Amino acid sequence: MTLHALLFDVDGTLADTERDGHRPAFNQAFADAGLDWHWDVALYSKLLAVTGGKERMKHYIDHYRPDYRKPDNFDELVAELHKAKTRIYSALAAQGGIPMRPGVKRLLAEARTAGLRLAIATTTTPENVTVLLEHSLGAGTQDWFEVIAAGDIVPAKKPAPDIYHYALEKMGLAAADCLAFEDSENGLRASLGAGLKTLVTVNDYTLDHDFTGAAVVLTNLGDPGAPNRRIAGADLGQPFVDVAYLRALHQL
Ligand code: XBP
Ligand code: MG
C-alpha cells in the first residue's frame with residue numbers, strides 16, 4: 001500500500017476558523033439585517049453539531065427561537081443572510097486575520113516536495129477556502145490542491161461521506177491510497193464513511209467529541225521545535241507530523 005494523497009478538511013483543521021471567523025461573520029450579518037439573533041461562543045459550540053451555514057441558521061431558529069415567526073420567504077432570507085455572512089468572512093480572511101494551525105504550512109510544503117497529491121474536502125463555501133488559503137497559507141497556494149471540494153457541490157454535507165467520495169472520484173484514487181485530516185466528529189464520520197484512514201487534530205470546540213475510529217488523535221500537527229501531544233490512537237513515537245510519520249500511519 002503506497003500513500004498517494006492527503007485530503008484536508010478546512011474549518012478547525014487547517015485553521016481555527018469557527019470561533020473567530022465564521023461565528024462573528026454570522027453575528028455581523030444578523031445585526032446588519034436588523035435581527036436580534038446572536039451566537040455567543042458557548043451557543044455556537046452547540047450549533048456546530050449542524051454543518052453548513054444555511055443549515056445551521058435553520059437549526060437555530062427551529063431549536064432555539066420558538067418566539068421567531070418565520071416569514072413566507074424564510075429560505076430566501078437565510079440564503080441572503082448566508083451571502084452576507086460569506087462576504088464578511090471573506091473580508092476578514094482577506095486581512096490575513098485567521099492564521100493556519102501549527103504545522104499545517106510546513107506539512108503541506110513537505111508533502112508537495114515528497115510528491116504527495118493534495119485535496120480539500122469541506123462543507124464550507126468554496127470562496128471561503130480560496131480566500132483563506134491565499135491570505136493565510138500564501139499567494140498561489142490554492143494551486144497546491146488539485147481538487148477543492150466544498151460547500152453545496154454535493155447535496156448531503158458531513159457527516160455524510162459524499163464530499164470525500166466526490167474528491168476521491170475527481171482524483172481517480174481509492175480511499176486506501178489516501179489519508180484524511182479532520183478536527184470534528186462530523187468530519188470524522190464523513191471521512192470514515194468514505195473508507196479513509198483519518199488523522200484528527202482537535203481544537204477547543206471539538207476536544208470532547210467522539211473520535212472512535214480515528215487512526216490517531218493529536219492536539220495539533222506539531223513542529224520539530226514545538227511538540228504536539230497524542231490524545232488517542234497509534235503511538236509512532238514522534239511529537240510532530242511529517243511525511244515519514246504519515247507514511248508509517250498509512251501502513252498500520
Ligand atoms: C464546517 C462547517 C461550515 C462552516 C461555515 O464543517 O460546518 O458550515 O462552519 O461555513 P467542516 P459556511 O469543518 O466539517 O467542513 O457558512 O460556508 O457553510
Ligand atoms: Mg472541520
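Filter region 104-125 for residues that are of a type outside the set (A, V, I, L, M, F, W, C) and either within 16 Å of ligand 2 (Cβ to nearest atom) or part of a helix (DSSP H, G or I) (or both) and give the result.
Hits for region 104-125 are K105, R106, E110, R112, T113, T122, T123, T124, T125.
Within the bounds of region 132-149, is there any residue that is touching an Asp or Glu at 6+ places or on another chain (Cβ under 6 Å), of a type in the set (S, T, Y), closer than 29 Å to A42 by Cβ and open to solvent by less than 30 Å² (accessible area, probe 1.4 Å)?
So far as region 132-149 goes, no, none of its residues is touching an Asp or Glu at 6+ places or on another chain (Cβ under 6 Å), of a type in the set (S, T, Y), closer than 29 Å to A42 by Cβ and open to solvent by less than 30 Å² (accessible area, probe 1.4 Å).
Could you tell me which residue of region 107-135 is nearest to V50 (Cα to Cα), considering only residues that are touching a Leu at 6+ places or on another chain (Cβ under 8 Å) and away from ligand 1 (no atom under 15 Å from the Cβ)?
Looking at the filtered set, the residue picked out is L118.
Scan region 84-103 for residues that are closer than 17 Å to D16 by Cα, open to solvent by 30 Å² or more (accessible area, probe 1.4 Å) and either outside any helix (DSSP H, G or I) or out of contact with any helix residue (DSSP H, G or I) (no Cβ under 7 Å at 6 or more places or on another chain) (or both) and report the count.
7
Applying the selection to region 175-200, what residues are surrounded by fewer than 17 Cβ atoms within 10 Å (Cβ to Cβ) and among the hydrophobic types (A, V, I, L, M, F, W, C)?
Correct list: A176 only.
Right, N220: within 16 Å of R101 (Cβ to Cβ) and in contact with a strand residue (DSSP E or B) (Cβ under 8 Å, 6 or more places away or on another chain) or not?
Yes.
Exactly one condition in (1) within 21 Å of E110 (Cα to Cα); (2) small (G, A, S); (3) open to solvent by 50 Å² or more (accessible area, probe 1.4 Å) is not met by G172; state its number.
Of everything listed in (1) within 21 Å of E110 (Cα to Cα); (2) small (G, A, S); (3) open to solvent by 50 Å² or more (accessible area, probe 1.4 Å), G172 misses just condition (1).
Please find, among Y60, Y44, the residue that is without any contact (Cβ under 8 Å) to a residue 24 or more places away in the chain, assigned to a helix (DSSP H, G or I) and open to solvent by less than 20 Å² (accessible area, probe 1.4 Å).
Step by step, each of Y60, Y44 is checked, and only Y60 is without any contact (Cβ under 8 Å) to a residue 24 or more places away in the chain, assigned to a helix (DSSP H, G or I) and open to solvent by less than 20 Å² (accessible area, probe 1.4 Å).
The values are calculated or read from the model by the stated rules, or taken from the named source; none is laboratory data. Note that the structure is a prediction, hence the values are computed from the model and not measured. Note that each Cβ is placed from the backbone with ideal geometry, even for glycine, and that neighbours are counted across all protein chains shown. Heavy atoms of the whole protein, side chains included, go into the accessibility calculation; ligands, DNA and RNA do not. Shrake-Rupley method; radii C 1.70, N 1.55, O 1.52, S 1.80 Å.
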